[in-house]
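To start, the structure under review is shown below, and the notes come after it.
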Amino acid sequence: MIKIKNVSMKFNLGIEKEFSIKQAFINLFTRKNKRKKETFWALKDVSFNVGKGEVVGLIGSNGAGKSTLLKVVSGVMKPTKGKVEVKGVISPMIELGAGFDGNLTARENIYLNGAILGYSKKFIDSKFDEIVEFSELRDFLEVPVKNFSSGMTAKLAFSIATVVNPEILIVDEILSVGDIKFQEKSKHKMMEMIKGGTTVLYVSHSLESIKDLCTKVVWLEHGKVIKMGETKKICEEYYKSQIG
C-alpha cells in the first residue's frame, strides 16, 4: 500500500528573514556561517514499506522527523530526494481542525471540513447526526468554532475525519484529544477501522498506544531509521534508550 524509497527532506530555516532590509545588511557579514545553519535535513534516506492492513507505528524523540514523514506520505510535502508510492485513498489526520473557519459555527464547519475532505453535501447530510453524536457537541452546534477549546475543536475534527473507513489512515497523535472518555472512544473507533482492514501509519509518544495498535514499529532519530521490526521489541529498546 505504501512504499517509501530513500526519502530525504531538507528545510531552509529562517528563509523569510531574507526579505528584511536589516537582515540583508547583517547577511553581508554573516552569510557564510548563516547558510550552514539554515540547511536542516528533517529526513535522511528513509526507506520502508507498509503492507495492506498493516498498522505501522512511528516512534522517536521530538524532532526525529515523524510528523514530517507523515506529511510527505500524505502528499502535503514533496520530498527533496527519494519517492513515495501509495496505492489507495488516504485520509490524513495530521493537524485536526486545520480546515476550520473560526468565524463559522460548528454546524457550518462540519460541511466546510467535509467538503475539504472530499465529502458531498448529500453524504454529510446523511452522516450529520452520526458526526454530532460522536463529537458530543450537540449543544454547541450554533457556536463559532473560535470560541471552542482546543479539545472541543479536535473532537469535532476527529468525528468528521472518521465518518468513513478510508483505505489508508495517516494519524499524528490524535488519540490524545479531548478528555479520557473521548480518548477511549477515539481508540475504539481506530480499532474498528483496523479490524475493517484499514492500513494505518501512526505517530504517537505513547508507547502503550503503539503497543496496543501497531503490528510493527519504525524508530526514527534525527531523520534516520534506527531500527524497525516487531512492536514490543522495538518499543522496549527505545524506552531503554530514553531512560538510560
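Just so you know, all these numbers are worked out from the coordinates, no wet-lab data involved. It should be emphasised that the depicted structure is a prediction, and the values quoted were computed from it without experimental measurement. Ideal geometry is used to build each Cβ from the backbone, glycine not excepted, and the neighbour counts take in all protein chains shown.
Structural remarks
- Structural descriptor for the chain: relative contact order 28 percent, calculated from alpha carbon pairs under 8 angstrom and at least 6 residues apart.
- Inter-centroid distance (Cα atoms) of the range 85-105 relative to the range 142-211, Å: 12
- Every pair of different Cα atoms in the range 144-244 enters the Kirkwood calculation, which places the hydrodynamic radius at 15.0 Å.
- Unit charges on C-beta of K, R, D, E only; dipole of the range 87-214, Debye: 240
- For the range 123-158, the set of GluC sites (Glu not before Pro) satisfying both a DSSP loop assignment and a count of at most 11 other C-beta atoms within 10 Å is given as Glu142.
- Think of the chain as having a plus end and a minus end, set by charges on the Cβ of Lys, Arg, Asp and Glu; of Pro92, Ser159, Trp219, Trp219 sits farthest toward the positive end of this dipole.
- Each 5 Å bin from zero holds the following percent of Cα-Cα pairs in the chain: 1, 6, 12, 15, 16, 14, 13, 10, 7, 4, 2, 1, 0.
- Extending 7 Å from Cα along the Cβ direction at Lys211 and again at Glu54 yields two label points whose distance is 2.2 nm.
- Separation of the Asn12 and Lys232 label points, Cα + 7 Å toward Cβ, nm: 4.9
- Using the Cβ-Cβ distance between Lys5 and Ser120 with R0 set to 35 Å, the FRET efficiency works out to roughly 0.50.
- Across Lys44/Lys216; Lys78/Lys127; Lys44/Lys155; Lys83/Lys232; Lys66/Lys211; Lys3/Lys146, pairs whose alpha-carbon gap is larger than 27 Å: Lys78/Lys127; Lys44/Lys155; Lys83/Lys232; Lys3/Lys146
- Largest first, the extents of the alpha carbon coordinates of the range 100-165 on the three principal axes equal 27, 20, 16 Å.
- Remark: the Glu130-Val143 segment gains 2.8 nm on full extension, using 0.36 nm per residue and subtracting the alpha carbon distance.
- Backbone geometry of the range 44-53 corresponds, through the Karplus equation with coefficients 6.51, -1.76 and 1.60 at θ = phi - 60°, to 3J(HN,Hα) couplings of 9, 6, 8, 9, 5, 10, 10, x, 4, x Hz, x marking Gly and Pro.
- Cα lying deepest toward the dipole's positive end in the chain, options Ala42, Val145, Phe123, charges on Cβ: Ala42
- Linear extension gain, Glu167 paired with Lys195, 0.36 nm per residue minus alpha-carbon span: 8.9 nm
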